[in-house]
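Colleague: My structure is below; once you've seen it, I'll send some questions.
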Amino acid sequence: MSGDAGVRIAMWSGPRNISTAMMRAFENRPDAAVWDEPFYAHYLQETGLAHPLAAEIVAAYDSDWQAVVARLTGPVPDGRAVFYQKHMTHHMLDHIGLDWLDQVANCFLIRRPQRVLASYAAKRAEVSLDDLGFAQQQRLFDEVVRRTGRIPPVLDADDVLADPAGMLRQLCTAVGIGFDERMLSWPAGRRDSDGLWASHWYAAVERSTGFMPPPAEQRPVPAGLAGIVEAAQPCYDALYRHRLPLPASA
C-alpha cells in the first residue's frame, strides 16, 4: 500500500450494478472517504463518446490519468482510515498503466449480464459489449491475480442484496478493516461526492436508504441485444466461480 496507514479499496464494477449503493455504504462510515469514477473524464476525453453530460464532465474533472493515479495512491482524503474508490472497468483504456494496482486492495463487484444489459438499455439507447465492461473486468481480475498470486475478493450483486450485512462483513475482513453497522443504511438524497453524471444515472440510489432486496423477476433484454449477453456471460462466469460465498445464515 501507499505511504500512510490508510486502506485504499479499488472496487471494480461495470455500469448498472449496485456500485453506487456500495459507495453509499462506505461513505456512511465516519472513517471513510470515497471517490466516484475517477477515470471517467479521461475515458470521455479519449473516446469522444456521446455520454450524457460528457462535455461538462470533461471540463469539471481531471482528465490526466497519471494525475488521477497520483491521487488514488496518495494521501487518503481528510486523513481518513479508508479510501473507497468506485471504478468502472470500461474506463480503464488499454494505454492506462496498471502498476498502481499494487498499492490498493482490488475488489470486484459482478452482476448477471442480463440484469446489467436490461438496466443499461433503459438509460442509453446505444449499447455495445465494451460499454458494459465485462471483458475489461476479467482482464483486470487476471492482472491482479498475476501480480499478487492470490484471488482478490469478488462479490456478486445478488448475493449482496440477499444478505448485505453478511457479505459486507466478509468484504471488510478480506480488505483488513472492521465492519460497521452504519454501512447498511444511509440518508436519501444526492451527495457532494457524487459525480455530475448522478443526475442521469443515480435516481434510484438517491431515493434509497439502504440495499434493496434482489429483483424478483428478470427484466427482458431488448430485442437484438441477446448477442451481447452471450458474449458477456463467459467473463461473468470466470469471476463468479471465485465469488465470496453467501453466509450459511442467508
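Colleague: Can you tell me the dipole magnitude for the range 7-240 around its Cα centre, using point charges on the Cβ only (Lys, Arg +1; Asp, Glu -1), in Debye to the nearest 20?
Modeller: Working: 22 positive and 29 negative charges, 87 e Å.
Dipole magnitude for the range 7-240 comes out near 420 debye.
Colleague: Please list 19-26, 117-124 highest first by mean number of surrounding beta-carbon atoms within 10 Å per residue.
Modeller: On the way: 19-26: 24.1, 117-124: 17.1.
Listed from highest to lowest mean packing, they are 19-26, 117-124.
Colleague: Please state the relative contact order of the chain as a whole percent: Cα pairs under 8 Å, 6+ residues apart? Could the numbers behind the result be given before it?
Modeller: Numbers: 396 pairs, mean separation 70.8, N = 250.
Once normalised by length, the contact order is 28 percent.
Colleague: Per-residue counts of other Cβ atoms within 10 Å, averaged by peptide: what ranking do you get for 102-115, 203-216, highest first? Show your work: numbers first, answer last.
Modeller: Working: 102-115: 21.3, 203-216: 13.9.
Ranking, from highest mean packing down: 102-115, 203-216.
Colleague: Express in nm, to one decimal, how much length is gained between residue 128 and residue 95 on full extension, taking 0.36 nm for each residue of separation and deducting their alpha carbon distance.
Modeller: Extending this stretch completely gives an extra 9.8 nm.
Colleague: Can you classify the chain as rounded, prolate or oblate using the Cα gyration tensor, where a ≥ b ≥ c are the square roots of its eigenvalues, rounded means a/c under 1.5, and otherwise it's prolate if a/b beats b/c and oblate if not?
Modeller: On the way: a/c = 1.25, a/b = 1.08, b/c = 1.16.
Cα axes put the chain in the rounded bin.
Colleague: Okay, moving on. Rounding to the nearest 20 debye, state how big the charge dipole of the range 22-62 is about its Cα centre with +1 on each Lys and Arg Cβ and -1 on each Asp and Glu Cβ.
Modeller: Working: 2 positive and 7 negative charges, 25 e Å.
Roughly 120 debye, rounded to the nearest 20.
Colleague: Which trypsin sites (Lys or Arg not before Pro) in the range 144-204 sit in a loop by DSSP (not H, G, I, E or B) and have at most 15 other Cβ atoms within 10 Å of their own Cβ?
Modeller: Those that pass, being in a loop and sparsely packed, are 150, 190.
Throughout, read-outs are computed from the coordinates displayed, never taken from laboratory work. What you are looking at is a predicted structure, and each value in this text was computed from that prediction instead of being measured. Neighbour counts are summed over all protein chains in view; Cβ atoms, including those assigned to glycine, are modelled from backbone coordinates with ideal geometry.
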